[in-house]
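Engineer: Mind looking over this structure? Questions follow.
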Amino acid sequence: MLVKDYMTRHPIMISPETDASEAQNIMTENNIRHLPVVGDGKRLLGLITREKLHVPPSDLGSLNVWEISRLLSDLKVKGMMVKGKDLITTEGDITIEDAAKIMLEEKIGCLPVLEDGVVGGIITDTDMLAHLAHLMGATVQGVRVTIRMPDKVGESAKVTDVIASHGWGIYGGGGHDAPKQPGYWDAVLKIQGGDKEEVVAALEQIEGQEIIDVR
Amino acid sequence: MNNLKKAPPVLILEDVAVAYKIRGGEIEAVQNVSFEINRGETHGIVGESGCGKSTVAWAVLNFLGANGYVKRGSIKFQGQELVGVTGEELRRLRGDQIAMVYQDPMQALNPSMRLGDQMSEVLTVHRDMDKKEAEKRCIEMLERVYMPDAANVMNRYPHQISGGQQQRVVIATALLNNPALLIMDEPTTALDVTVEAVVLDLIADLRREFDTAIMYITHNLGVVARVSTRVGVMYAGEMVERGTVEDIYKDPQHPYTQGLMRCVPKLGADKASSILYPIRGRVPPPNNRPVGCVFSPRCDYVREICHNKRPELLEFSSGVSVRCHFAGEIEADKWSPSDDILPPEIITDTSPREPILKLDNLKKYYEVQGSSLKDILGLGEQRYVKAVENADFDLPRGTTLGVVGESGCGKSTLIKTIIGLEQTTEGHAEFMEIDITDEISTRGEDVIKELQMVFQNPDSTMNPSYTVGQQIGRPMKRFSTVPKDEIRGEVIKLLESMRLGENYYDRLPRQLSGGEKQRVGIARALASHPNLVLCDEPVSALDVSVQAALLNLLLELQQEYDTTMMFIAHDLSVVRFFSDQVAVMYLGQIMEIGPANAIYAPPYHPYSEALLSAVPIPDPSAEQKHIRLEGTVPSAINPPDGCRFHTRCPRRELLPDGGAICETEMPPWRETAEGHRIFCHIPLETLNTFDPVITQKPEGSNHVS
Ligand SMILES: Nc1ncnc2c1ncn2[C@@H]1O[C@H](COP(=O)(O)OP(=O)(O)O)[C@@H](O)[C@H]1O
Ligand code: SF4
Ligand code: SF4
Ligand SMILES: [Mg+2]
């Protein structure tokens with residue numbers, strides 16, 4: 001699960017000479033929020049986001065309508081893009097979670113991914129959410145159970161043993177420290193093979209663990 | 001897996017019309033074409049020649065030439081309008097994001113530049129990469145496209161590698177920039193089937209790995225079925241049907257698509273799958289398209305409204321769209337052929353008939369001139385191209401022998417030697433009990449009259465200043481088979497049996513279409529009522545709907561006159577239906593020969609097995625064994641010792657020591673009870689255990705994981 005497996009390859013890109021209004025149109029029409037700005041050979045020069053295209057009203061305050069329309073039509077991407085040290089990128093070879101960390105730390109919604117120094121793809125917060133949904137098994141049918149267990153080695157094995165002994169499969173899931181209950185761990189699993197009652201009945205048998213949610 | 005993210009298509013064409021300005025006006029080569037291609041998708045565009053497939057591709061790249069332009073509609077690439085984009089912007093898109101691969105790799109390669117230099121230029125110029133690094137990248141990419149000995153290929157010139165390898169270089173070059181869109185226009189049409197199979201596998205891999213959107217143009221329905229996810233069918237400048245490959249092949253809606261499916265051989269389990277039903281008529285040129293529905297002159301379902309009103313594109317809930325007034329009402333499986341396109345019934349006469357042609361270890365070697373000083377002085381050892389080796393079989397009167405093999409395997413040389421255009425090197429040939437081992441100048445008129453040939457390219461053998469009537473009448477006059485005053489009548493009769501009609505009598509070759517010319521070629525070959533007709537790929541240059549008509553016609557005449565026929569083809573699908581016997585050649589050697597029904601089922605010769613596995617079948621529900629041959633066909637100058645196939649044979653491992661014997665000893669002929677002969681060291685018992693190459697996929701194999 002590396003960035004290169006989950007990024008969008010061949011992102012829509014624009015040149016620095018593109019009009020800001022055209023960039024705005026491209027984003028709206030394709031329902032996207034980020035556009036890498038590239039020169040020859042897809043070399044990354046900058047990044048345009050929806051916010052970057054906002055013209056602060058204060059810039060327009062003193063202008064009349066003709067001046068405003070002229071100003072807007074003269075605006076080019078190269079003057080408005082994120083560039084230089086503000087432009088944060090990544091390589092395809094890092095893990096998804098590391099990319100997520102960078103995005104959180106930098107408070108950004110998108111990372112252009114460089115391959116051999118040129119744009120090979122883009123990964124955004126939407127990709128991260130899609131990835132989360134997939135990890136949790138959002139795209140498959142099944143029983144979703146949350147089990148609270150002591151935060152000790154061997155506890156999850158008990159769960160998987162039970163599931164395996166019934167011939168069921170795990171199609172997604174994850175784990176987290178139990179909120180407000182130190183020393184416990186919440187595991188979420190998407191299980192296929194048995195129905196809700198069967199799954200609950202089987203997992204209830206595990207001593208020291210508790211089913212806190214099932215749906 | 002269900003994908004939660006929905007990325008916008010890479011390419012969207014909306015209602016595109018492309019026109020070419022010609023003297024005194026313009027023609028709309030393409031009209032109302034709309035489709036989109038997603039990332040990681042191969043979208044096929046299929047149709048016969050002149051239907052506008054390439055025009056669509058060129059429109060995307062704005063490569064329409066000085067006289068062509070996009071007249072209406074919009075072409076959006078990655079959200080950006082391409083129509084009207086020129087200069088710097090266009091150059092950048094073409095260089096960095098859209099790449100194109102043509103049928104002829106030499107169109108993209110510079111003959112006077114080392115391959116390594118032209119490849120790495122893409123990186124050094126566009127990306128400022130330093131030369132060393134660029135070369136390393138190129139070698140890696142060549143390895144990705146399975147180029148044998150990639151580093152070495154970098155130092156060669158284009159003419160020093162084979163056509164299949166050239167095409168791989170072009171594909172590798174196209175991929176160096178990791179384009180978002182790859183347009184391929186008949187990229188494997190010029191390649192042999194076994195090479196084509198490898199290139200098609202490669203294309204499927206690349207799409208997955210690089211998430212490239214591919215527009216794949218071809219006239220070959222089998223190729224589309226193998227590589228594409230969706231397909232658009234073009235006819236006379238319009239996209240008449242579009243949908244997923246499964247939907248379109250299983251249940252075609254448009255009468256043209258239905259017709260196309262019926263005129264290509266399927267190579268299914270039974271012989272019936274190889275019966276061909278032609279579509280009457282031919283594709284109209286762009287300046288002469290009918291009003292109303294463009295397909296109306298050829299359509300079996302035409303009604304009044306079709307002549308007056310252009311059908312709109314109808315979209316079905318399945319996602320299939322069809323441009324026909326009666327889409328959804330026409331049921332392909334209720335169709336039955338009308339009399340004029342009914343294929344002749346094949347009478348399989350099993351009673352033994354006396355051979356009309358007997359070949360006894362026939363050999364044809366060509367001397368080759370080396371280029372060293374020693375060779376020029378004549379002191380070097382004489383070298384030979386061993387084009388035909390030990391051809392040895394009898395051809396019973398009134399039967400048809402199909403000869404199959406890839407280019408350069410000696411098929412044409414074999415029939416040229418029989419007809420006397422080439423001098424036999426060794427062995428004997430006997431025709432109607434007359435020795436015809438020597439070339440044509442030594443033969444009597446009676447032999448020449450009885451032995452005729454149909455060529456692949458009728459142009460090369462037709463005198464451009466003779467009318468059709470003269471071309472066909474000439475052999476009648478020469479051999480006095482028809483009294484002088486009856487020649488005209490006889491020619492017209494022959495024309496009619498070719499479905500050409502009297503009005504063709506005075507036409508000149510240049511006034512004929514390719515299919516019509518080939519009909520004249522066949523009529524001329526049959527004019528002297530020969531006993532044996534040798535056909536060298538007579539239909540492979542023609543469109544499929546025309547091919548089917550000609551094959552059926554040829555067959556009908558052959559049965560009517562009880563003619564014996566040898567028919568050359570480059571893959572096993574075409575000859576199946578009408579051949580009594582089939583021979584498979586490799587590198588000058590007949591590897592397998594036998595009754596047609598025996599060739600398509602085990603036991604197979606290992607080479608025939610590989611050929612069957614390579615042929616693209618226009619049926620997505622057919623499953624083929626995956627056998628790919630490594631390397632290329634060795635040179636016929638120094639063919640491998642022992643079995644000529646040993647350098648590529650995937651089956652020799654079945655023999656002791658990995659088939660060491662194949663490298664040194666000529667194989668024996670293995671013969672079955674029904675007269676099926678296989679030239680291989682592997683014993684029949686083992687050959688018999690091979691699974692059939694082609695099977696039907698089980699229904700509803702859509703498994704959940
Ligand atoms: N440069 C040109 N000038 C005039 N007509 C052309 C030109 N190129 C193609 N055409 C015509 O446009 C039609 C479509 O051709 P093309 O796109 O090559 O079809 P396909 O690729 O399906 O064989 C044909 O009738 C062809 O003769
Ligand atoms: S519209 Fe009419 S002529 Fe055209 S394909 Fe449909 S039925 Fe045939
Ligand atoms: S003789 Fe050997 S190399 Fe030749 S086809 Fe048979 S197994 Fe293969
Ligand atoms: Mg073309």
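Quick note: the coordinates plus some simple rules give every number you see, no bench work behind them. What you are looking at is a predicted structure, and each value in this text was computed from that prediction instead of being measured. Don't worry about glycine lacking a Cβ; one is built from the backbone with ideal geometry, like all the others, and counts go over all protein chains shown.
Engineer: So how tilted is helix A:96-106 from the main axis of chain A? Cα-based, degrees 0 to 90, rounded to 10.
Structural biologist: So the inclination is approximately 50 degrees.
Engineer: Work out the length of the dipole vector of chain B about its Cα centre, built from +1 on the beta-carbon of each Lys and Arg and -1 on the beta-carbon of each Asp and Glu, and round it to the nearest 20 debye.
Structural biologist: Approximately 1980 debye in magnitude.
Engineer: For B:Ser480, put the label point 7 Å out on the Cα→Cβ axis and report which residues of the stretch B:436-459 keep their amide N under 14 Å from it.
Structural biologist: Within reach of a label on B:Ser480: B:445-446.
Engineer: Calculate the spin-label point distance for B:Thr461 paired with B:Glu556, positioning each point 7 Å from the Cα along the beta-carbon direction, and give it in nanometres.
Structural biologist: With each label point 7 Å from Cα toward Cβ, the separation is 2.2 nm.
Engineer: Which percent, nearest 5, of DSSP beta bridges in chain B are antiparallel?
Structural biologist: 60
Engineer: In addition: What is the antiparallel percent of DSSP beta bridges lying wholly in the protein assembly as shown, to the nearest 5?
Structural biologist: Here the share of antiparallel DSSP bridges comes out near 70 percent.
Engineer: Tell me, how many Å apart are the Cα centres for the stretch B:215-273 and for the stretch B:480-518?
Structural biologist: Between the Cα centres of the stretch B:215-273 and the stretch B:480-518 lies a distance of 34 Å.
Engineer: GNM, chain A, Cα, under 10 Å: largest mean-square fluctuation among A:Pro57, A:Pro36, A:Pro112?
Structural biologist: Of the options given, A:Pro57 has the highest mean-square fluctuation.
Engineer: Is there a quick way to get the dipole size of the stretch A:1-64? I mean about its Cα centre, with the Cβ of Lys and Arg at +1 and of Asp and Glu at -1; what is the value in debye to the nearest 20?
Structural biologist: 340
Engineer: Same structure again: Cross-link list B:Lys411/B:Lys484; A:Lys4/A:Lys85; A:Lys78/B:Lys76: which exceed 29 angstrom alpha carbon to alpha carbon?
Structural biologist: Those over the limit are B:Lys411/B:Lys484.
Engineer: Can you give the average number of partner chain beta-carbon atoms within 10 Å of each beta-carbon in peptide A:127-140, as a whole number?
Structural biologist: Mean inter-chain Cβ contacts per residue within 10 Å come to 2.
Engineer: Remind me, relative contact order of the stretch A:69-177 in percent, using alpha carbon pairs under 8 angstrom and six or more residues apart?
Structural biologist: Rounded, it is 18 percent for the stretch A:69-177.
Engineer: So what's the angle, to the nearest 10 degrees on a 0 to 90 scale, between helix A:155-165 and the longest Cα principal axis of chain A?
Structural biologist: With both axes taken from Cα atoms, the answer is about 70 degrees.
Engineer: Name the residues of the stretch A:127-157 whose amide N is less than 17 Å from a point 7 angstrom out from the Cα of A:Arg215 along the C-beta direction?
Structural biologist: A:132-148
Engineer: Quick one: compute the contact order of the stretch B:1-144, relative version, from alpha carbon pairs under 8 angstrom and 6+ residues apart, as a percent.
Structural biologist: 21
Engineer: In addition: What order do you get for A:82-88, A:129-135 when each peptide is scored by the mean count of other beta carbon atoms within 10 Å, highest first?
Structural biologist: Put in order of decreasing packing, that is A:129-135, A:82-88.
Engineer: Using Cα positions and a limit of under 18 Å, work out the aspartates and glutamates in reach of B:Lys363, with same-chain residues fewer than 8 apart set aside.
Structural biologist: Answer for B:Lys363, where 18 Å is the Cα cut-off: B:Glu389, B:Asp392, B:Asp394, B:Glu422, B:Glu426, B:Glu430, B:Asp435, B:Asp438, B:Glu439, B:Glu592, B:Asp641, listed by chain and number.
Engineer: If I fit a long axis through the Cα atoms of helix A:20-30 and take the longest principal axis of the Cα atoms of chain A, what angle between them do I get, 0 to 90°, rounded to 10?
Structural biologist: 30
Engineer: Hey, another quick one. Using a cut-off of 22 Å between alpha-carbon atoms, which lysines can reach B:Lys517, once sequence neighbours fewer than 8 places away in the same chain are excluded?
Structural biologist: Cα-Cα hits under 22 Å: B:Lys416, B:Lys449, B:Lys477, B:Lys493.
Engineer: Separate question: Other chains' Cβ within 10 Å of A:10-18 residues: what's the mean?
Structural biologist: Other-chain Cβ atoms within 10 Å of each residue's Cβ, averaged: 5.
Engineer: Based on the mean of other Cβ atoms within 10 Å per residue, sort peptides B:589-600, B:164-175 so the most packed one is first.
Structural biologist: Averaged packing, sorted descending, gives the order B:164-175, B:589-600.
Engineer: Hey, what number do you get for chain B at 222 nm if only DSSP H runs of n ≥ 4 count, each worth -39500 (n - 2.57), divided across all residues, to the nearest 500?
Structural biologist: -8000 deg cm²/dmol
Engineer: State the Cα centre-to-centre distance between the stretch A:1-56 and the stretch A:111-125 in whole Å.
Structural biologist: That distance is 11 Å.
Engineer: Still on this structure: Compute the Cα gyration tensor for the stretch B:352-470, then decide on rounded, prolate or oblate, letting a ≥ b ≥ c be the square roots of its eigenvalues: rounded whenever a/c is under 1.5, prolate when a/b is larger than b/c in the other cases, and oblate in all that remain.
Structural biologist: In terms of gyration-tensor shape, oblate.
Engineer: May I ask you to order A:40-50, B:81-91, B:306-316 by the average number of other C-beta atoms within 10 Å around their residues, highest value first?
Structural biologist: Peptide ranking by packing, descending: A:40-50, B:306-316, B:81-91.
Engineer: Can you compute the helix-only [θ] at 222 nm over chain A? Use -39500 (n - 2.57) per DSSP H run of at least 4 residues, normalise by all residues, nearest 500 deg cm²/dmol.
Structural biologist: Mean residue ellipticity at 222 nm (helix-derived): -9500 deg cm²/dmol.
Engineer: Here is a further query. State the Cα centre-to-centre distance between the stretch B:638-660 and the stretch B:541-589 in whole Å.
Structural biologist: 30
Engineer: Using the number of other C-beta atoms within 10 angstrom as an exposure proxy, rank B:Cys263, B:Cys680 with the fewest first.
Structural biologist: Ranking B:Cys263, B:Cys680 by Cβ neighbours within 10 Å, fewest first, gives B:Cys263, B:Cys680.
Engineer: When only C-alpha pairs under 8 Å and at least 6 residues apart count, what is the relative contact order of the stretch B:403-560, in percent?
Structural biologist: 26
Engineer: Going through the stretch B:259-294, which trypsin sites (Lys or Arg not before Pro) have at most 13 other Cβ atoms within 10 Å and a DSSP loop state?
Structural biologist: Of the trypsin sites (Lys or Arg not before Pro), not one in the loops of the stretch B:259-294 has a Cβ with at most 13 other Cβ atoms within 10 Å.
Engineer: Give the average, rounded to an integer, of partner chain Cβ atoms located within 10 angstrom of each Cβ in B:171-183.
Structural biologist: Per-residue shielding by partner chains comes out at 2.
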